[in-house]
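Trainee: This structure is in structure tokens; I'll ask about it shortly.
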């Protein structure tokens, strides 16, 4: 059989075979080609290895797109006005479009003139920087010059790495490439303008414009924008005070670069170069007035509990999340609370001598002003100043202030005796001592003393529990202990309304007669009898519950608690959140510890007809984008979307649920509040009577006395205040709540309630208002209370249904005594209408209009 002929190979296959043969021949015969191939492969592998090693841990594209710089949290009052801020980096974030072209051109000219042309790295500049780095390393010279573009500076800020080595530069370069591939040039500039540190704790150009010129970026002039553009390199090197000429030289260099880049004309450059720096003093830029140090500190603590402190704790952290916090603070009430408590503390402490601050600084150099400024000492009053003794000679001392100025303290203005030591305040002054002074004339000052006694004040809205004001001491600077929320103190007689409320809720009435007589209890063989006593040591006999509250009688309180049951009293205190106490009778007199915040909230519940409220400081919180992430009043959130429905759904009008639940009996709560109005009218807090508005309240003085209290308010706002030493000790025999604490409340109320119309206390359904004899508690017919006379013998009293006194045929002893007393009566005018009939019987009892005159005695 004939062999089959093999078809010829295709032309393309033959050509490919010949090419492959030539390459194999060249690979075998030409060694340089093999080495070149090895070099290329090795370089590629090395590049991959470097990328894998140094790119590890760098932000991904998704992270770069979502990046947001740290922003401070802003605190606002109830009306939306700023009252504080929490910041470690002062920064204001703006969009790129909000930066004027002048600012963009100045920074481009100063930092990176080819920014809009390169791909993230300026190669000629990088080569020069590397060469300089190698030279400086070899010679052991100074730090090499930088070669970073704006993109690399942004990368450095994102890496938060300031180390001085090649590794950091490689990582910067890799991240710069990634930035350029992910973001637009405008987005990179926006990050740069919002992120860069420019000195004076200003991060970002807007914050720096405020810190150096007290302007917004849109209002900057050419020389001002040029000066800010020199700061990214090293803000301290171009400080406008310490390095004025260097700052001017560098600013003028930026102006020349702006001319060469075509951004400004030569005439504009010349005019700008002739201008001074024009910066303001550090810290003198106009700011909002920060209000409520203790209040905002309590808000800060709550925010940290919710969201954490730093960026590592989450996107809404206090110091990086840029939160917008609307608080319940009323700035007018807050200022009044701070002023009233400080005045009260200073008034009580004023006659007890001068007290050293126990703080001192080094004044041998030129930096004493900065050291004094950093000293943690608050002055309280706006006209008190923190000072340091620079030197003392003869009859005067030279003192310095935080702004670097000085003044004179004559010995005659420091004659107070030193507390706990000998000599006068002036004789105890030493160089470097930090003191508090007040200006009296020109540069002459008088020494002042920070009160040793402490105290707390809280004002709260009755129906919502929103805290309107809070002051936890003399000054929050250097003393963050908040006595309004943290100081556990015995409340004394301010606890008594809890006892009497419990009695009212368990069958007693305001007219119940209770003996003011000796009362002792057997405590066991080891302790024997415990006998209680009144503040004045005396007894008054049988009296009404109202009288006992108004006059704050201890024996009637203890007897009432015993009859009602201490278990019920402590249960009421527990439900009100005042404290968890053992069932000891001494607790009825306020022997258990609590805080002014807790007890004020309890009074607010009583004024709210027994409906529960809880003290809150924050109304709502928004994240940096304006989204509400927390709301205290979240009633709309539980209404199944009907609160903000787009249209009517055909059903009944949606009604938000109540914010509170019924905690106490509403009628007994109102009775207790109604009784406490008598404390203001004729009891232990009559100092408040001339406020001329419906008020209720109760004073308190603990054994010692170690603490003095007053808690009370109107139907809308309740406030509480206490004073006492942090380490409890006697305040002195004359210290009483009505004399010391109540005047503080009065000073606050005169400001807080100014222009606020008086509001009456509204009784809940079922309360019966009955006329009674104030002394005996018996029902009165035929006469009415005298509104103008707080000591009227006949008063309106509040009773629960079927508990009011009944008509009786028995005459009150006071009425009988008055009837038997001789009465001088005026003869009526001789008119036909008033002439008595001849056969009319003699009047056996005095007329009703004489009743008040005969019954108006005080207890």
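The values are calculated or read from the model by the stated rules, or taken from the named source; none is laboratory data. Owing to the predicted nature of the structure, the values given are computational and were not obtained by experimental measurement. Quick reminder, even Gly has a Cβ in these numbers, built from the backbone with ideal geometry, and neighbours come from all protein chains shown.
Trainee: Within segment 386-405, which residues are more than 11 Å from residue 433 (Cα to Cα) and touching a residue at least 40 places away in the same chain (Cβ under 8 Å)?
Mentor: Residue satisfying the conditions is 403 alone.
Trainee: Here is a check on your reading of the model: is residue 615 within 30 Å of residue 758 (Cβ to Cβ), surrounded by 16 or more Cβ atoms within 10 Å (Cβ to Cβ) and modelled with pLDDT of 95 or more? Give the steps one after another, and end with the answer.
Mentor: Details: within 30 Å of residue 758 (Cβ to Cβ): yes; surrounded by 16 or more Cβ atoms within 10 Å (Cβ to Cβ): yes; modelled with pLDDT of 95 or more: yes.
Taking the combined requirement at face value, the residue satisfies it.
Trainee: For segment 554-584, which residues satisfy the criterion of being surrounded by 17 or more Cβ atoms within 10 Å (Cβ to Cβ) and within 38 Å of the chain's Cα centre (by Cα)?
Mentor: 554, 557, 566, 569, 570, 572, 573, 576, 577, 578, 579, 581
Trainee: Provide a single number: the residues in segment 187-199 that are out of contact with any strand residue (DSSP E or B) (no Cβ under 8 Å at 6 or more places or on another chain) and either within 14 Å of residue 230 (Cβ to Cβ) or part of a loop (DSSP other than H, G, I, E, B) (or both).
Mentor: 2
Trainee: Something else about it: Quick one: in segment 77-98, of everything that is over 30 Å from residue 302 (Cβ atoms) and under 33 Å from the mean Cα position of the chain (by Cα), which residue is surrounded by the most Cβ atoms within 10 Å (Cβ to Cβ)?
Mentor: Of everything passing the filter in segment 77-98, 98 is surrounded by the most Cβ atoms within 10 Å (Cβ to Cβ).
Trainee: Do any strands (runs of 3 or more DSSP E) lying entirely in segment 450-556 carry at least 1 residues that are in contact with a strand residue (DSSP E or B) (Cβ under 8 Å, 6 or more places away or on another chain) and within 20 Å of residue 679 (Cα to Cα), and which ones are they? Steps first, answer last, please.
Mentor: Numbers: elements: 454-461, 467-471, 513-516, 519-522, 529-532, 541-544.
Counting at least 1 such residues, we get 454-461, 513-516, 541-544.
Trainee: Exactly one condition in (1) modelled with pLDDT of 95 or more; (2) crowded, with 18+ Cβ neighbours inside 10 Å is not met by residue 776; state its number.
Mentor: Residue 776 satisfies all of (1) modelled with pLDDT of 95 or more; (2) crowded, with 18+ Cβ neighbours inside 10 Å except (1).
Trainee: Could you check, for segment 633-643, whether at least one of its residues is closer than 26 Å to residue 606 by Cβ and without any contact (Cβ under 8 Å) to a residue 60 or more places away in the chain?
Mentor: Looking only at segment 633-643, we keep the residues that are closer than 26 Å to residue 606 by Cβ, and these are 633-635.
Retained after the next criterion (residues that are without any contact (Cβ under 8 Å) to a residue 60 or more places away in the chain): 634-635.
Scanning segment 633-643 turns up at least one residue that is closer than 26 Å to residue 606 by Cβ and without any contact (Cβ under 8 Å) to a residue 60 or more places away in the chain.
Trainee: Only one of 471, 486 is within 27 Å of the chain's Cα centre (by Cα) and surrounded by fewer than 24 Cβ atoms within 10 Å (Cβ to Cβ). Can you tell me which?
Mentor: Exactly one of 471, 486 is within 27 Å of the chain's Cα centre (by Cα) and surrounded by fewer than 24 Cβ atoms within 10 Å (Cβ to Cβ), namely 486.
Trainee: Starting from residues that are assigned to a loop (DSSP other than H, G, I, E, B) and more than 27 Å from the chain's Cα centre (by Cα), keep the ones in segment 436-449 and report whichever is surrounded by the most Cβ atoms within 10 Å (Cβ to Cβ).
Mentor: First, pick out the residues of segment 436-449 that are assigned to a loop (DSSP other than H, G, I, E, B): 442-443, 449.
Checking which are more than 27 Å from the chain's Cα centre (by Cα) leaves us with 442-443.
Values: 442: 8, 443: 12.
This residue is 443.
Trainee: Please give the number of the condition residue 219 fails out of (1) surrounded by 20 or more Cβ atoms within 10 Å (Cβ to Cβ); (2) free of Cβ contacts under 8 Å to residues at least 40 places away in the same chain; (3) under 26 Å from residue 81 (Cα atoms).
Mentor: It fails just one condition, (1).
Trainee: When segment 318-357 is examined, which residues are found to be assigned to a loop (DSSP other than H, G, I, E, B) and farther than 20 Å from residue 618 by Cβ? Reasoning before the result, please.
Mentor: Taking segment 318-357 and keeping what is assigned to a loop (DSSP other than H, G, I, E, B), we get 318-320, 322-323, 328-330, 353, 355-357.
Correct list: 353, 355, 356, 357.
Trainee: Let me ask something else about it. Is there a residue being under 30 Å from residue 792 (Cα atoms) and in contact with a helix residue (DSSP H, G or I) (Cβ under 9 Å, 6 or more places away or on another chain) anywhere in segment 725-733?
Mentor: For segment 725-733, residues under 30 Å from residue 792 (Cα atoms) and in contact with a helix residue (DSSP H, G or I) (Cβ under 9 Å, 6 or more places away or on another chain): absent.
Trainee: Need the failing condition index for residue 721 against (1) without any contact (Cβ under 8 Å) to a residue 40 or more places away in the chain; (2) under 20 Å from residue 451 (Cα atoms); (3) touching a strand residue (DSSP E or B) at 6+ places or on another chain (Cβ under 9 Å), just the number.
Mentor: (1)
Trainee: Then there is this: Restricting to segment 306-327, name every residue that is in contact with a helix residue (DSSP H, G or I) (Cβ under 9 Å, 6 or more places away or on another chain) and within 20 Å of residue 626 (Cβ to Cβ).
Mentor: 307, 314, 315, 316, 317, 318, 319, 320, 321, 323, 325, 327
Trainee: Sticking with this structure for a sec: So residue 430 passes all but one of these: (1) surrounded by 17 or more Cβ atoms within 10 Å (Cβ to Cβ); (2) in a loop (DSSP other than H, G, I, E, B). Which condition number does it fail?
Mentor: (1)
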